[in-house]
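Trainee: Take this structure, written in structure tokens, and hold onto it; I'll ask about it next.
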Amino acid sequence: MTKHSISSLIYDSKLRGYFFQALILLGLATSVWWIIDNTVTNLADRGKTVGFGFLGENAGFQISATLGTWIFDYNVGQSSYLDVYFIGITNTFLVAILGIAGATVLGFTVGIMRLSKNFIVRSFATIYIELLRNLPLLLQLFFWYFAVLRALPSKRERIEIIPDAVAMNITGLYLPAPIVGPGFIYSVIAFLIAVVIVYMLKRWAQKRQSQTGQRFPVFWTGFGLIIGLTVLVFLSTGSPLNWSYPEFKTTGAILRRGFQSGSGMVLVPEMLAVWLALTLYTAAFIAEIVRAGILAVAKGQTEAAFSIGMRPGMTLRLIIIPQALRVIIPPLTSQYLNLTKNSSLAVAIAYPELVSIFAGTALNQVGKEIEMIFMMMMVYLTFSIATAAFMNWFNARVKLVER
Amino acid sequence: MTTPHKYVRTEDAPLLPPPATEAGITGWLWQNIFASMADYQSIGAAIRSLFMITFSLLLVYVFINQTFGLIDFAILSAVWSDPDGLKREACWTVQQGGALPDGWHGACWPFVWAKQKFAWFGPYPSEELWRVYIALAVGTVGLIWALLDRMPYHRQVGVLMLTIYPLLAFILLTGGNNEASLTSIGVWIFGGLAMISVGRMGAAGYLGAVFAEISSVFSIVGWGIIALNVVRGIASVDFNLTPVGTGDWGGLLITLVVALTGIVASLPLGIILALGRRSQMPVVSILCTIFIEFWRGVPLITVLFMASVMLPLFLPAGVNFDNLLRALIGVMLFSAAYMAEVVRGGLQGIDKGQYEGAQAMGLSYWQTMRLIILPQALTHVIPGIVNTFIGLFKDTTLVSIVGIFDLLGAGQSAVADAAWSTPVQAITMYLYIGVIFFIFCFGMSRYSIFMENKLSKSRRH
């Protein structure tokens, strides 16, 4: 009897599961303890301590002027390492957001071009995708930075793209900078109010159409309302927005020639290179996703739409795109995530983003490996988990739509 | 007797040729190019047609312009040789102090020829390069043999490539002769044999029915230990080869070593992680999920930074890892997490009936996985696996950021050589490296498409 019960205990798969899990936890705890023990010994050997006190210390290195240094007002010797951390995060997300915007527009264009009936358009898109997808991103980044942007005219010369407003040379892309006067906020408020009104108008129009069948030209009314209201308020407050144009001197002392600091706005070449490389590379992947998404919509859907008398434009807008998006959005989000993570490659050309200035320059000065690498990874992990959470929410929502 | 009607045809209508818009070259041209530009029925259609004409012309112009630009740069205008040993002056224009006409823009190939050995093998000693050549030649032949179904014994060759070849390459590239005492190898092998015999006894039922299942684990671990120590033993044999440390490796050699190690290690690790993530045991599945999501959530550069900065802190003082091995560990863990998600996709696609059928036949968990589930799941996701490999191959370039000179890193340091400093130096090198990477990645992506077609054919019964 006892023997039987013992063997039945051992054959009980649930009990055996508990046993193995306990064993795994034990093994994990042992190795974690071993690693911590080693780390403590190693740190003691090197005379290092653990702690985040260094974040308040002043950082003594130069960071090239970017959005981050502007927002956090970076000054060598006065700003802290915590400022450096936030500057890094800002610059990472700046280039990620610009890259996402660029890659989405370009990727959708190329993806639709790939499905064109026109052979020229189609094969051009194919060549673009195959070329860009099969070359390492780092090589492309080096190409744009060291081969293309370095070939621009020197500091004392420029290429004008829009005369007196937009110009380029080896120090970057110069654009007019907006100078916001007092009262500009009213125009922003007017714009937001107009958007809310249009949103409510759209809901009302939809409701009315489903009840009475009467249509209302929401698009044009909305367009007029948003532009009209904003412009009206802008003009009535006395146009409180000026532009500072980049000033370029061709006369005077040789060393003072070129673009004058304090005028206009400059995008540093490092950022341009990272943005170009990320946009062009990711667009190739997005194009393939878009193509697959559109192809995934069954042909019968288009035919059915035509047979109830829908025009091609309406079919695309009301039938194909909503269904294609359901297929496109999950991989698209993971491409956005990849783009954000790939922005860390900017360390190779010293664009001041998180990895470059915090885990690179600052780490070399402070030497707090564990804390700084941990802080850096947390940024990327938080972003990834937030995106994953959004994806789960989106998938759940899309599933409800599908009956 | 029917009365003949005049209006009824008595012979076949003549066969007309198909309309010019439907067949032949004109048909193809019409359907694929001009049809989209020829609709002027309404204003909207006319705008669309005109747009199509402009856009097509623009694309053709860009394409021709770029293609000729590339041909001109790489072939027609390029400097091909440097017979006088002028180095950078061979690619200088008159203005810069050389002999080429002003405004010249072409590739400076002598620079690439001079750096070719460095770009391929880094500082690997020239008199020992034959070892690299043998390793590469055996690897290429073996790989092609294993990947082509038509070749005889391609499965067996594949197994050899996964087992014997890494050892052979390791000995050839490093020179072997690692320090390992014979006693320690002997003790380990003895231990392995002991475990196998316990396993055998258990399987035969000497240790009671309870141990019958656990005993197989003993056998596997025993064989694993023996195999590992045979490898250790062979790697410690003195083949009379000059040792070459990994610090002397570089260029394409490093790219291939990192990529292949990552590829070979990531698949089994990824399978284990994917199975773990789908496990019924909460602890296992949570741990595997955390592991996978952690590595997938951070960029590879941070992983490489971590491997090069934090790994030495985690290990006991005195244990010193070679720089390349640290990067390899980082790359392996990183790619295993991605592979795990690909494999999990395949596992999710398996019908539930397959599991139930296997259970009904009395197969154990590992038997079910090995014989029923994994063979199906893995073949379904071969394209995904190959795509992960392509990503991994491209990602190997990142090791250059932590100071290991892979193909791109070696090229980049060649670009910094002032003896060859010309305005076209960087672009020439990138063109050369780009072609090499493109051949590898494009080749792999074609293989993936080929496998996809083959699989979809074999699935269609």
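The values are calculated or read from the model by the stated rules, or taken from the named source; none is laboratory data. Owing to the predicted nature of the structure, the values given are computational and were not obtained by experimental measurement. In this analysis, Cβ positions are derived from the backbone assuming ideal geometry, glycine residues included, and neighbour counts consider all displayed protein chains.
Trainee: Tell me, which helices (runs of 4 or more DSSP H) wholly within the stretch B:351-427 include 1 or more residues that are assigned by TED's automatic domain parsing to the domain that holds B:Glu452 and farther than 19 Å from B:Gly122 by Cβ? Give the steps one after another, and end with the answer.
Mentor: Numbers: elements: B:352-360, B:374-380, B:382-395, B:407-415.
Ranges flagged: B:352-360, B:374-380, B:382-395.
Trainee: Which of the numbered conditions does B:His105 fail, given that it passes all the others? Conditions: (1) touching a residue at least 24 places away in the same chain (Cβ under 8 Å); (2) buried (at least 18 other Cβ atoms within 10 Å of the Cβ).
Mentor: Evaluating B:His105 over (1) touching a residue at least 24 places away in the same chain (Cβ under 8 Å); (2) buried (at least 18 other Cβ atoms within 10 Å of the Cβ) leaves (2) as the failure.
Trainee: Filter the stretch A:134-143 down to residues that are more than 7 Å from every other protein chain (Cβ to nearest Cβ) and more than 19 Å from the chain's Cα centre (by Cα), then give me how many there are.
Mentor: Summing the residues that are more than 7 Å from every other protein chain (Cβ to nearest Cβ) and more than 19 Å from the chain's Cα centre (by Cα) in the stretch A:134-143 gives 0.
Trainee: Okay, next question. Looking for whichever is within 27 Å of B:Thr422 (Cα to Cα), small (Gly, Ala, Ser) and in contact (Cβ under 8 Å) with a residue 12 or more places away in the chain here; the options are A:Ala151, A:Ala167. Which one fits? Steps first, answer last, please.
Mentor: On the way: A:Ala151 fails: in contact (Cβ under 8 Å) with a residue 12 or more places away in the chain.
Only one candidate passes the filter, namely A:Ala167.
Trainee: Suppose we filter the stretch B:86-108 for residues that are over 24 Å from B:Val435 (Cβ atoms), touching a strand residue (DSSP E or B) at 6+ places or on another chain (Cβ under 6 Å) and either part of a helix (DSSP H, G or I) or among the polar types (S, T, N, Q) (or both); how many remain? Can you show your working first?
Mentor: If we filter the stretch B:86-108 for residues that are over 24 Å from B:Val435 (Cβ atoms), which is where we start, we get B:86, B:89, B:92-99, B:101-103.
Adding the requirement that they be touching a strand residue (DSSP E or B) at 6+ places or on another chain (Cβ under 6 Å) leaves B:93, B:102.
Still in the list and also either part of a helix (DSSP H, G or I) or among the polar types (S, T, N, Q) (or both): B:93.
Qualifying residue count, the stretch B:86-108: 1.
Trainee: List every residue pair whose Cβ atoms sit under 6 Å apart, with the two residues 6 or more apart in sequence or on different chains, where the first one lies in the stretch A:32-54 and is more than 10 Å from chain B (Cβ to nearest Cβ) and the second, anywhere, is surrounded by 11 or more Cβ atoms within 10 Å (Cβ to Cβ) and part of a helix (DSSP H, G or I).
Mentor: Partner pairs satisfying both residue conditions: A:Phe52/A:Glu371; A:Phe54/A:Tyr81; A:Phe54/A:Val366.
Trainee: Test each condition in (1) over 22 Å from the mean Cα position of the chain (by Cα); (2) surrounded by fewer than 20 Cβ atoms within 10 Å (Cβ to Cβ) for B:Trp295 and report the one that comes out false.
Mentor: (1)
Trainee: Okay, next question. Mind listing whichever residues of the stretch A:337-351 are under 16 Å from the mean Cα position of the chain (by Cα), of a type outside the set (Ser, Thr, Tyr) and more than 8 Å from chain B (Cβ to nearest Cβ)?
Mentor: Initially, the stretch A:337-351 is screened for residues under 16 Å from the mean Cα position of the chain (by Cα), giving A:337-346, A:351.
Now drop any that are not of a type outside the set (Ser, Thr, Tyr), which leaves A:337-339, A:341-342, A:345-346.
Once the filter is applied, which keeps residues that are under 16 Å from the mean Cα position of the chain (by Cα), of a type outside the set (Ser, Thr, Tyr) and more than 8 Å from chain B (Cβ to nearest Cβ), the stretch A:337-351 yields A:Leu337, A:Asn338, A:Leu339, A:Ala346.
Trainee: Right, another one. Residue check: is A:Thr333 out of contact with any Asp or Glu (no Cβ under 9 Å at 6 or more places or on another chain) and more than 12 Å from chain B (Cβ to nearest Cβ)? Reasoning before the result, please.
Mentor: Working: out of contact with any Asp or Glu (no Cβ under 9 Å at 6 or more places or on another chain): yes; more than 12 Å from chain B (Cβ to nearest Cβ): yes.
Criteria met by A:Thr333.
Trainee: Hey, another quick one. Report yes if some residue within the stretch B:109-132 is in a helix (DSSP H, G or I), in contact with a strand residue (DSSP E or B) (Cβ under 8 Å, 6 or more places away or on another chain) and outside the structural domain of B:Val257 (by TED's automatic domain parsing); otherwise report no.
Mentor: Restricting attention to the stretch B:109-132, the residues satisfying the condition of being in a helix (DSSP H, G or I) are B:109-121, B:126-132.
Checking which are in contact with a strand residue (DSSP E or B) (Cβ under 8 Å, 6 or more places away or on another chain) leaves us with B:109-110.
Of the ones still in play, those that are also outside the structural domain of B:Val257 (by TED's automatic domain parsing) are B:109-110.
So far as the stretch B:109-132 goes, yes, one or more of its residues are in a helix (DSSP H, G or I), in contact with a strand residue (DSSP E or B) (Cβ under 8 Å, 6 or more places away or on another chain) and outside the structural domain of B:Val257 (by TED's automatic domain parsing).
Trainee: With the structure loaded, tell me whether A:Thr382 is in contact with a Ser or Thr (Cβ under 9 Å, 6 or more places away or on another chain), surrounded by fewer than 20 Cβ atoms within 10 Å (Cβ to Cβ) and closer than 23 Å to A:Asn91 by Cα or whether it fails that test.
Mentor: Numbers: in contact with a Ser or Thr (Cβ under 9 Å, 6 or more places away or on another chain): no; surrounded by fewer than 20 Cβ atoms within 10 Å (Cβ to Cβ): yes; closer than 23 Å to A:Asn91 by Cα: yes.
The answer is no for A:Thr382.
Trainee: Return yes or no: is A:Arg291 charged (D, E, K, R), in contact (Cβ under 8 Å) with a residue 40 or more places away in the chain and either in contact with a helix residue (DSSP H, G or I) (Cβ under 9 Å, 6 or more places away or on another chain) or within 14 Å of another protein chain (Cβ to nearest Cβ) (or both)?
Mentor: On the way: charged (D, E, K, R): yes; in contact (Cβ under 8 Å) with a residue 40 or more places away in the chain: yes; either in contact with a helix residue (DSSP H, G or I) (Cβ under 9 Å, 6 or more places away or on another chain) or within 14 Å of another protein chain (Cβ to nearest Cβ) (or both): yes.
It is true that A:Arg291 is charged (D, E, K, R), in contact (Cβ under 8 Å) with a residue 40 or more places away in the chain and either in contact with a helix residue (DSSP H, G or I) (Cβ under 9 Å, 6 or more places away or on another chain) or within 14 Å of another protein chain (Cβ to nearest Cβ) (or both).
Trainee: Take A:Gly360 and decide whether it is of a type outside the set (A, V, I, L, M), closer than 18 Å to A:Ile112 by Cβ and within 13 Å of another protein chain (Cβ to nearest Cβ). Before the answer, list the steps.
Mentor: Values: of a type outside the set (A, V, I, L, M): yes; closer than 18 Å to A:Ile112 by Cβ: no; within 13 Å of another protein chain (Cβ to nearest Cβ): yes.
No.
Trainee: Related question: Out of curiosity, is B:Ala90 touching a residue at least 12 places away in the same chain (Cβ under 8 Å) and not assigned by TED's automatic domain parsing to the domain that holds B:Leu407?
Mentor: Numbers: touching a residue at least 12 places away in the same chain (Cβ under 8 Å): yes; not assigned by TED's automatic domain parsing to the domain that holds B:Leu407: yes.
Yes.
Trainee: Applying the selection to the stretch B:403-417, what residues are in contact with a Lys or Arg (Cβ under 8 Å, 6 or more places away or on another chain) and either surrounded by fewer than 21 Cβ atoms within 10 Å (Cβ to Cβ) or among the basic types (Lys, Arg) (or both)?
Mentor: B:Asp417
Trainee: Right, another one. Looking at the stretch A:23-82, which of its residues are among the hydroxyl-bearing types (Ser, Thr, Tyr) and under 24 Å from B:Met310 (Cβ atoms)? Steps first, answer last, please.
Mentor: First pass over the stretch A:23-82, keeping only residues among the hydroxyl-bearing types (Ser, Thr, Tyr): A:30-31, A:39, A:41, A:49, A:64, A:66, A:69, A:74, A:79-81.
Within the stretch A:23-82, A:Thr30, A:Ser31, A:Thr39, A:Thr41, A:Thr49, A:Ser80, A:Tyr81 meet the criteria.
Trainee: Only residues that are within 12 Å of chain A (Cβ to nearest Cβ), β-branched (Val, Ile, Thr) and in contact (Cβ under 8 Å) with a residue 60 or more places away in the chain: list them for the stretch B:256-310, please. If you could, list the steps in order and put the result at the bottom.
Mentor: Residues of the stretch B:256-310 that are within 12 Å of chain A (Cβ to nearest Cβ), as a first pass: B:259, B:276, B:279-310.
From the residues that got through so far, the ones that are β-branched (Val, Ile, Thr) too are B:283-284, B:286, B:289-290, B:292, B:298, B:301-303, B:309.
Within the stretch B:256-310, just B:Ile301 meets the criteria.
Trainee: What are the pairs, 6+ residues apart or on separate chains, where a residue within the stretch B:436-456 that is charged (D, E, K, R) has its Cβ under 8 Å from a residue that is surrounded by 13 or more Cβ atoms within 10 Å (Cβ to Cβ) and part of a helix (DSSP H, G or I)?
Mentor: Once the first residue is charged (D, E, K, R) and sits in the stretch B:436-456, its partners that are surrounded by 13 or more Cβ atoms within 10 Å (Cβ to Cβ) and part of a helix (DSSP H, G or I) give B:Glu452/B:Ile382; B:Glu452/B:Pro383.
Trainee: Quick check, is B:Ser36 under 19 Å from A:Ala125 (Cα atoms) and either among the small types (Gly, Ala, Ser) or within 14 Å of chain A (Cβ to nearest Cβ) (or both)?
Mentor: Numbers: under 19 Å from A:Ala125 (Cα atoms): yes; either among the small types (Gly, Ala, Ser) or within 14 Å of chain A (Cβ to nearest Cβ) (or both): yes.
Spelling it out, B:Ser36 is indeed under 19 Å from A:Ala125 (Cα atoms) and either among the small types (Gly, Ala, Ser) or within 14 Å of chain A (Cβ to nearest Cβ) (or both).
Trainee: Of the residues that sit in the stretch A:245-281 and are of a type in the set (Gly, Ala, Ser), surrounded by 14 or more Cβ atoms within 10 Å (Cβ to Cβ) and over 13 Å from A:Gly172 (Cα atoms), which one is nearest to the chain's Cα centre (by Cα)? Full working, then the answer.
Mentor: Here is the first cut: in the stretch A:245-281, the residues of a type in the set (Gly, Ala, Ser) are A:252-253, A:258, A:261-264, A:273, A:277.
In the following step, the residues that additionally are surrounded by 14 or more Cβ atoms within 10 Å (Cβ to Cβ) were identified as A:258, A:263-264, A:273, A:277.
Cutting the leftovers down to over 13 Å from A:Gly172 (Cα atoms) gives us A:263, A:277.
On the way: A:Ser263: 28, A:Ala277: 13 Å.
The qualifying residue nearest to the chain's Cα centre (by Cα) is A:Ala277.
Residue-wise test of (1) farther than 30 Å from B:Cys108 by Cβ; (2) assigned to a loop (DSSP other than H, G, I, E, B).
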| position | (1), (2) |
| --- | --- |
| B:Tyr7 | yes, yes |
| B:Asp12 | yes, yes |
| B:Pro18 | yes, yes |
| B:Trp30 | yes, no |
| B:Leu50 | yes, no |
| B:Ile53 | yes, no |
| B:Ser56 | yes, no |
| B:Ile71 | no, no |
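Trainee: Consider A:Gly309 against the criteria (1) in a loop (DSSP other than H, G, I, E, B); (2) in contact with a Pro (Cβ under 9 Å, 6 or more places away or on another chain): it satisfies all of them except one. Which criterion is unmet?
Mentor: Tallying (1) in a loop (DSSP other than H, G, I, E, B); (2) in contact with a Pro (Cβ under 9 Å, 6 or more places away or on another chain), A:Gly309 fails exactly one: (2).
Trainee: Among A:Ala65, A:Ala96, which is the only one that is within 23 Å of A:Thr387 (Cβ to Cβ) and either outside any helix (DSSP H, G or I) or in the same structural domain as A:Phe285 (by TED's automatic domain parsing) (or both)?
Mentor: A:Ala96
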